[in-house]
Structures are given as structure tokens and as C-alpha cells.
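Right, one structure below, let's go through it.
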Amino acid sequence: MTIDDGITPELERIKRELATLTGMKIHIGIQGASGYGVSGEGRKGTPADIITIANVNEFGATIKAKNVKNLAIPITKKAKGKSPLDFPGLFFLRTPNGLFGCISKNRKGGPPKQKSSPSEDKPNTKKPGKKPIKKKLGDIEFLFILLESVTIPERSFIRAGYDNNRKPIEDITVQALKGIIFNSWDAEKAANHIGMGTVGIIQSYMNAPFNFKGKGRVTKSTSNWPGNPLVETGRLRNSITYRIEGGS
């Protein structure tokens, strides 16, 4: 009588795939190298500007003016993505609240005809608040505030996203191990399962605004998503990928 041993080969397969998975590294984050998104779709390497934005938010940074005295920070959507040079006739107005770049239909550059006195209609950028920034004073439209530097607070989403979701990530890893043992998954499929699941967890963490310090008053005035500190166009969130190293 011949006994067909179907157990030993299966145990060998499981050991082999688990050993391969153990030798793999799964990189999650904003990466210069090509990777895969939340649905396993291929993604090219992240552009340098997004990597810079990711580092600034992850660790915080102070941005200082270079080659000029001040940074021109837009305070209206009209000025977003532009510089003072894009507005013919723009003039600078110093108020108790700071130095501003302004335009006016009745003025063609230079200082205002009459010296402006402090008023509640002037923009106040000293402290954040719930009231929107006033963008006009009479016929003057405020477009930029000029600052020597801007400090962006740390809003960690990769490290904090992992630290605050250890249990869900562990659960995804357990699912991958069960897939190898009970569903004949290979190590690559298990690694992809872990990668896709973790990318989704980090993206969901970014979508929850209460996880981060809110946007400043000036930033809110020009933002498409004023209530979410890390979402503006979705590029940063959608740039989170995973890639698998080793295992061959």
C-alpha cells in the first residue's frame, strides 16, 4: 500500500515562503523610487517638490528668505502661487500688523494717498483666530504679507501614523501570514498585502484633521481645505507608496 504524503511538501512550502517573507523589507512612505499605491497600482518615483513638502511636514521647518529681505506670503486666493511681480502697480503698505503687498484700482503703485490709521478692517495676522482675514481696506486690496521667515510646525504623518496604528498594522500582518499558511499565498503576495494595507492606514490617518495642529490663519485664507492641515490638493497623501526590497 502506498501512502501519499501531502503534508510534508505543504509544510516545506510554508517554511520556504515564511523564510522569504522574513528576508523582505517593506518600505512605506513618500519615496523617490518607484513603488505601489493603496490598490497595488504601479507608481513612479515621487517628484522632488513633494518629497520636500513631506519632509517639512513630517519634521517641521523654519523657512527664511534668501536673496531677498522678506518672503511674500499670499493671503488671498488671487495671490496664491504668484509673486508680487505678477501684479502691476502693487505697492507696499506698512501697518501696525505688518508689511503688506497691496493693489488698488485707484492707485498705480507707490504709497497710498493718505496715511492709513489702525482699523478693524485691516488684516490681523498676529494671532490665529476663527474670524477670516480682512482682505480690503477701502479701495486697497491686501494680497501678500511680507515676513522674514515662516515656521511650519511638525505634523508627523508617517511616524505618527505608524505609532498610532500599530494594532491595525499587526492585524494586516497576521492576515498575510494566515494567507501563506492556509490559502497558499506566496511571500510576494503576503508582502503586497501588508504594503497596500499600511499605505491605506497612513492615508486614513492623514485624512483625520484632529490628528494634527491646524493650519494658521493666513494659510486658511488661501486654502481649498482649510479644515485639514495636511490635505490641499491630495498630491501629498496620494504620493504615499510602498516598495518591496529583497525576497528574490
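You will find that of Phe91, Phe87, the residue that is in contact with a strand residue (DSSP E or B) (Cβ under 7 Å, 6 or more places away or on another chain), open to solvent by less than 60 Å² (accessible area, probe 1.4 Å) and without any contact (Cβ under 8 Å) to a residue 24 or more places away in the chain is Phe91 and no other. Within the stretch 178-219, being more than 18 Å from Arg13 (Cβ to Cβ), among the basic types (Lys, Arg) and surrounded by fewer than 19 Cβ atoms within 10 Å (Cβ to Cβ) holds for one residue alone: Lys213. Report yes if Gly214 is in contact with a Gly (Cβ under 9 Å, 6 or more places away or on another chain) and part of a loop (DSSP other than H, G, I, E, B), otherwise no. Criteria met by Gly214. Say we look at the stretch 26-54 and pick out the residues that are exposed (fewer than 14 other Cβ atoms within 10 Å of the Cβ), over 15 Å from Val199 (Cβ atoms) and not acidic (Asp, Glu); which of these is nearest to the chain's Cα centre (by Cα)? Looking at the filtered set, the residue picked out is Thr52.
Selection over the stretch 228-248 of residues that are open to solvent by 60 Å² or more (accessible area, probe 1.4 Å) and part of a loop (DSSP other than H, G, I, E, B) gives a count of 2.
Do the conditions hold for Lys80, that is, is it open to solvent by 80 Å² or more (accessible area, probe 1.4 Å) and touching a Pro at 6+ places or on another chain (Cβ under 9 Å)? The answer is yes for Lys80.
The values are calculated or read from the model by the stated rules, or taken from the named source; none is laboratory data. It should be emphasised that the depicted structure is a prediction, and the values quoted were computed from it without experimental measurement. Positions of Cβ are backbone-derived with ideal geometry, glycine not excepted, and every protein chain shown enters the neighbour counts. Surface areas here come from the heavy atoms of the whole protein model, side chains and all, with no ligands, DNA or RNA. Shrake-Rupley method; radii C 1.70, N 1.55, O 1.52, S 1.80 Å.
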